[in-house]
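The structure appears right after this line, and notes come after that.
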Amino acid sequence: MPRKPRETTMRFDVYIHPNDLRSVPDLAQHLENEGFHAIWTPETNHNPYFPLVLAGHATQRLQLGTGIAVAFARSPTVTAMEAWDLARLTNGRFILGLGTQIKAHITRRFGMPWDSPVARLREYIEGMRALWDTFQNNARLNYRGEHYKLTFMTPFFQPEPLEHPHIPIFTGGVQAAMCQLAGELSQGFHVHPFHTADYLRNFILPNLEVGLARSGRTRAELQLICAIFVVTNLEEAREVKSQIAFYASTPGYRGVLEQHGWGDLQDRLSGLIRRSRWEELPEQISDEMLAHFAVVAPAQELAAAVEARYRGLLDRVAYYFPYVMGEREALWRASLAHFNG
């Protein structure tokens, strides 16, 4: 009798950080053939949308999402049109992942205004949906908020309707109000990699539930995804400790540390950074801390350990490090075998 496939509702996605856009079509086809559910692209040192144009053209099944694109670096109209074009190209496989970034990046790196990020993101989403209604149904554009006023659209600038016009929006955030906004308005939520399962359970999920209640929705109508820290050997342990230390030094993430009584760690890390003692940061992260912030397991057992930790907490998982052809192939294949049953 054939073995019954193992049942799991958790999807296994992958992040890519392509330095050469010419490599994206072959990479996307490979990832689709391997059995990943979605490709996500971040906005770090490259544009997050360009790889998805190439990946969308080269694939048939994969979902494709930004994880995340910086909302406030662009107007709602620019983002709405980019998302509309990608939804058309992919026949509805595109997911618009948005985040706010922090004030210094918005004002000093992008040269854009920063104030009331939760209220501004609410209007950003509402404004885009008003634009999409205009694109699809020829509705009169008349969105008027405190931060964005969108009241002008002529046929020359209006895109044609789509076969799949309902573009899912996944937002990211850390603070309570941003989680509540996601529960109210988003179809998904990008959990920050700097978290613990206890923080997810005791802070993130309850605040998402507040927003879901406002919109009359249930938890089943909101997908949670995270690019999680994983460790399979000593070299990876030091790399991940360094990344954890970097995030832990940021004041906005102190609440995660305080969940476990580690609030004073941030003060120590900030002091080291002020003195440019970067090489000492990983030493401040104990093995106990590592085990809370990362899933630590041998490569062949990693996926099972990930699912055991996040069952009931996350709907989609990806690994924090991006996929690179020819690297960690045994790990990827073992993980795919587990999640795809």
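One way to sum up the overall shape of the chain is the equivalent ellipsoid from its Cα gyration tensor, whose semi-axes run 32, 26, 19 Å, largest first.
Extension gain, Arg274-Phe156: 0.36 nm per intervening residue step, less the Cα-Cα distance, totals 37.1 nm. For region 235-339, trypsin sites (Lys or Arg not before Pro) are listed when DSSP marks them as loop and at most 14 other Cβ atoms sit within 10 Å of their Cβ; the list is Arg275, Arg277, Arg311. Name the residue farthest towards the positive end of the dipole of the chain from the options Pro165, Ala28, Trp262, assuming +1 on Cβ of Lys and Arg, -1 on Cβ of Asp and Glu, about the Cα centre. Going by the charge dipole, the pick is Pro165. Dipole magnitude for the chain: about 620 debye, using +1 per Lys or Arg Cβ and -1 per Asp or Glu Cβ, origin at the Cα centre. Summing charges over all other residues whose Cβ lies under 14 Å from the Cβ of Trp262, with Lys and Arg as +1 and Asp and Glu as -1, gives -3. What the Cα convex hull of region 1-138 gives, in volume per residue, is 142 Å³.
The magnitude of the dipole of region 201-301, with charges of +1 and -1 set on the Cβ of Lys/Arg and Asp/Glu and taken from the Cα centre, is near 500 debye.
Based on the Cβ-Cβ distance of Arg61 and Glu283, what FRET efficiency does E = 1/(1 + (r/R0)^6) give at R0 = 41 Å, to the nearest 0.05? Mind dumping the intermediate values first?
Values: r = 44 Å, r/R0 = 1.08.
FRET efficiency, Arg61 to Glu283: 0.40.
The calculated 222 nm mean residue ellipticity attributable to helices in the chain amounts to -12000 deg cm²/dmol, summing -39500 (n - 2.57) over DSSP H runs of n ≥ 4 and dividing by all residues. Placing pseudo-labels 7 Å out from each Cα toward the beta carbon at Ile102 and Arg144 gives an inter-label distance of 3.8 nm.
If you filter region 4-63 for GluC sites (Glu not before Pro), then keep DSSP loop positions with at most 12 other Cβ within 10 Å, what is left?
Filter output for region 4-63: Glu7.
Sparse packing (at most 13 other Cβ atoms within 10 Å of the Cβ) combined with a DSSP loop state is found for the following trypsin sites (Lys or Arg not before Pro) in region 1-90: Arg3, Arg6, Arg61.
Where a number appears in this text, it was derived from the coordinates with a stated rule and is not lab data. No experiment lies behind these values; they were computed from the predicted model shown. Here the Cβ is made from the backbone with ideal geometry for all residues, glycine too, and neighbour counts use every protein chain on show.
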